[in-house]
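Engineer: First the structure, which I've put down as structure tokens, then a few questions once you've had a look.
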Amino acid sequence: MFRDRAEAGRRLAEELKRRLGDEDVVVLGLPRGGVPVAFEVARELDAPLDVIVVRKLGVPYQPELGMGAIGEDGVRVLNDQVLALARVGEDEVAAVERSERAELERRATRFRGRRPRASLVGRTAVVVDDGIATGSTARAACQVARAHGASRVILAVPVAPRSSLASLAEIADELVCLATPEPFYAVGQFYRDFSQTSDEEVVEFLERAATRAVAPPVTVGAADPPVRDKEVVVQIGAVRLVGDLTVPEVCSGLVVFAHGSGSSRHSPRNRFVAAALNSVGLGTLLFDLLTPDEEFERRAVFDIELLAGRLGTVTDWLEAQPEAKGLCIGYFGASTGAGAALWAAAERGSSIGAVVSRGGRPDLADPKLSQVRAPTLLIVGGRDEVVLELNRQAQKRLRCESRLVVVPGATHLFEEPGALEEVARLAGDWLLSHLSPIAEAAG
């Protein structure tokens, strides 16, 4: 019995770790229920996550009987034996395919948006679902993954009946299944929480995984390497928050990062900016605002007052550490984390030396904006039009020193070439000018 799909994914990842070597892996979740499981697998394996969208091609007069399957980019896999037995002609196959392909493309666009499909050529495809009943969808997914160029296909599921696994052995190079209980009536009987996964949740999982993509190498300058780099734990009642504290040998100030919804201290974008700040002499603390369980509670993700409270408590903790002695503290917030940073800065008054918002939602701190005293830099992508307007309106309500900088051509995640480097440069300049001892003395 699994508590939920997240727990099943973590347990499945542990088993996969034992079997995978140095393979180039792409994790493919079957929408919709397989994606929460695949998200945990991808996170534990530090591998990219994508969906594998497939549609079964049913015999025209007997649609429950599969005569093949289709995938993206025109991939089609047919079962010649079924076609011959059912006497289905090419015209009939084409008619069924046209209908199913329209739905396939709609779903792929809905789930992935503008992100390109992950290339499988020469890579190991780990196809993940929350369980297998008959195995028809999993079979189609494995066939499509191989048709897309995967050199090796692994089918990984938490639970399945033995009979279905036996029929899939010839399709996948390897089968990984944690449990094969009997009797087996339905996948849901082996989960305490088997609530339906929505399209919106699939999109959110994919977006969260995308933020963990490898960020570009740091090229913003050279400085003394960090000499204090450690994992820290801040206990807030029963809540245990984990963070990564990095302090350069010559340090001009400390920056606490507040990540956005669907992200974590492992966010490659925040880590890229943090490394850039370290290289110019600023210490950084990246920590998880929410526990792993809370990350899946949408109410907690957008509870800005809760996030700001925790950010404030972490700041209290940091101020008491020997590494912070004599140093001014600033905040770097991304997306919803920027709202939390501004809220926390308002409540702490002049003790916060500066705030930087990257693609932020300052509007979420609207009740506190007029109370912010820390000099605030708002960085927004020029193509992030809705967020840009929210920042323009929020800046009008700020009563502190503030600046709004638009990075031309950049979207919300600053994925465009050079965009994240520009964010790092702007943030470094702003924070150094307001946190360094020279700036503090001048003020």
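The values are calculated or read from the model by the stated rules, or taken from the named source; none is laboratory data. Quantities reported herein were computed from a predicted structural model and do not represent experimental measurements. Neighbour counts are summed over all protein chains in view; Cβ atoms, including those assigned to glycine, are modelled from backbone coordinates with ideal geometry. Accessible surface areas use protein heavy atoms only, side chains included; no ligands, DNA or RNA. Shrake-Rupley method; radii C 1.70, N 1.55, O 1.52, S 1.80 Å.
Engineer: In segment 182-199, which residues are surrounded by fewer than 11 Cβ atoms within 10 Å (Cβ to Cβ) and either outside any loop (DSSP other than H, G, I, E, B) or aliphatic (A, V, I, L, M) (or both)?
Structural biologist: Hit for segment 182-199 is ALA186, nothing else.
Engineer: Check segment 35-46 and report whether any residue there is more than 20 Å from ARG107 (Cα to Cα), open to solvent by less than 10 Å² (accessible area, probe 1.4 Å) and of a type outside the set (A, V, I, L, M).
Structural biologist: Step one: list which residues in segment 35-46 are more than 20 Å from ARG107 (Cα to Cα), which gives 40-46.
So of that shortlist, the ones also open to solvent by less than 10 Å² (accessible area, probe 1.4 Å) come out as 40-42.
Pick out the ones that are also of a type outside the set (A, V, I, L, M) and you get 40.
Within segment 35-46, one or more residues are more than 20 Å from ARG107 (Cα to Cα), open to solvent by less than 10 Å² (accessible area, probe 1.4 Å) and of a type outside the set (A, V, I, L, M).
Engineer: Among the residues of segment 2-21, write down those that are touching a Phe, Trp or Tyr at 6+ places or on another chain (Cβ under 8 Å) and not in a helix (DSSP H, G or I).
Structural biologist: PHE2, ARG3, ASP4, listed by residue number.
Engineer: Give segment 125-157 a look and list any residue that's within 20 Å of ARG43 (Cβ to Cβ) and out of contact with any strand residue (DSSP E or B) (no Cβ under 6 Å at 6 or more places or on another chain), or say none.
Structural biologist: The one that is within 20 Å of ARG43 (Cβ to Cβ) and out of contact with any strand residue (DSSP E or B) (no Cβ under 6 Å at 6 or more places or on another chain): ASP130.
Engineer: Give the residue, chosen from ARG208, ARG212, that is open to solvent by less than 50 Å² (accessible area, probe 1.4 Å), under 19 Å from the mean Cα position of the chain (by Cα), of a type outside the set (A, V, I, L, M) and modelled with pLDDT under 85.
Structural biologist: ARG208
Engineer: Right, next: With the checklist (1) in a helix (DSSP H, G or I); (2) of a type in the set (Gly, Ala, Ser); (3) under 22 Å from VAL239 (Cα atoms) in hand, flag the one item GLY349 doesn't pass.
Structural biologist: (3)
Engineer: When GLN235 is evaluated against the numbered criteria (1) under 28 Å from ASP303 (Cα atoms); (2) modelled with pLDDT under 75; (3) surrounded by fewer than 20 Cβ atoms within 10 Å (Cβ to Cβ); (4) of a type in the set (S, T, N, Q), which criterion, by number, is the only one it fails?
Structural biologist: Failed condition: (2).
Engineer: Pull up segment 132-191, narrow it to residues that are basic (Lys, Arg) and closer than 20 Å to GLY66 by Cα, then point me to the one that is farthest from the chain's Cα centre (by Cα).
Structural biologist: First, the residues of segment 132-191 that are basic (Lys, Arg): 139, 146, 152, 162.
Subset that is closer than 20 Å to GLY66 by Cα: 139, 146.
Details: ARG139: 27, ARG146: 26 Å.
Per the criteria, the residue is ARG139.
Engineer: Go through the residues of segment 271-284 one by one and say whether even a single one is β-branched (Val, Ile, Thr) and at pLDDT below 90.
Structural biologist: Yes, segment 271-284 contains at least one residue that is β-branched (Val, Ile, Thr) and at pLDDT below 90.
Engineer: Return only the number of the condition from (1) of a type in the set (Gly, Ala, Ser); (2) closer than 30 Å to ARG192 by Cβ; (3) part of a helix (DSSP H, G or I); (4) at pLDDT below 95 that ALA94 does not satisfy.
Structural biologist: Condition (2) is where ALA94 drops out.
Engineer: Considering (1) part of a helix (DSSP H, G or I); (2) in contact with a helix residue (DSSP H, G or I) (Cβ under 8 Å, 6 or more places away or on another chain); (3) open to solvent by less than 30 Å² (accessible area, probe 1.4 Å), say which one MET67 fails and leave the rest.
Structural biologist: (1)
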